[in-house]
Amino acid sequence: MAKNLNRPSNDNSDIEYGERPMAFHPYNILMTLVLMGVTMLFIAFSAAYIYTRYQSNVPTIEVPNIFIFNTFVLIASSLSIRWANQCYLDDNTKKYQQALLLTIALTCIFMVLQMIGWQDLVHQEIFLATSNMSSYLYLISGLHFMHVIAGLPFLILFFRAARKNMREPVSVLVYFSDPEKRLKLKLLTFYWHFLDALWIYLILFFLINRMF
């Protein structure tokens, strides 16, 4: 498709396509509340981890190297979904679908590597009930894993919708001109960046605790 087909090029294009009126859309409010709740949850677990560690005077658990490698996989998925956004703005049907499919694939790779990391802990005879520190490691990484799983169906739905609705020029134009779809894609992208930043924080948190 040609770039920005039949879209207005003036500065009021966002208003015309409904982006600014959607600033307080229920989806925006819901996403804000969800991310605030998730942030507070992980802050609480981080504080509890530190308190338990010093209160019980127990050593920390070494994070499996595959967890660290997984950080780069998640960063790559954030970059790919950002690429999807750019393709959406450019009305590039083929690359938009490729970017979504790549994001799904990288997310699945992240999840598989995460399970391999847990298996590595089990092989080291570090189980959920081995110590308070191992319990926190499983719990915190597991919670992040669950939030990744929660976002995966939305990625799949976006990809399926793109495959279904991007077959004819008219349907492509309607799809790319839908302000609600554009909003949902932005929110999903923000959620993915949030998961990326959260995982980086968790890895750094465990590594720093291991050093001191």
TODO: Residue by residue through the stretch 165-192, note down the ones that are exposed (fewer than 14 other Cβ atoms within 10 Å of the Cβ), over 17 Å from HIS25 (Cβ atoms) and modelled with pLDDT of 85 or more.
DONE: none
- [ ] For the stretch 62-113, enumerate the residues that are buried (at least 19 other Cβ atoms within 10 Å of the Cβ), in contact with a Gly (Cβ under 9 Å, 6 or more places away or on another chain) and part of a helix (DSSP H, G or I).
- [x] PHE67, ASN70, THR107
- [ ] Take PHE45 and decide whether it is of a type in the set (Phe, Trp, Tyr), part of a helix (DSSP H, G or I) and surrounded by 13 or more Cβ atoms within 10 Å (Cβ to Cβ).
- [x] yes
Open item on the list: Please determine whether any residue of the stretch 98-120 is in contact (Cβ under 8 Å) with a residue 60 or more places away in the chain and among the charged types (D, E, K, R).
Closed with: no
TODO: Among the residues of the stretch 141-169, write down those that are farther than 16 Å from MET111 by Cβ, touching a residue at least 24 places away in the same chain (Cβ under 8 Å) and either in contact with a strand residue (DSSP E or B) (Cβ under 8 Å, 6 or more places away or on another chain) or in a helix (DSSP H, G or I) (or both).
DONE: PHE158, PHE159, ALA162, ARG163, PRO169
Task: Meets criteria (more than 30 Å from THR93 (Cα to Cα), among the charged types (D, E, K, R) and either surrounded by 15 or more Cβ atoms within 10 Å (Cβ to Cβ) or free of Cβ contacts under 8 Å to residues at least 12 places away in the same chain (or both)) for GLU125 - done: yes
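The values are calculated or read from the model by the stated rules, or taken from the named source; none is laboratory data. Being a predicted model, the structure only gives us computed values, none of them experimental. FYI the Cβ positions are ideal-geometry reconstructions off the backbone, even for glycines, and counts take in every protein chain you see.
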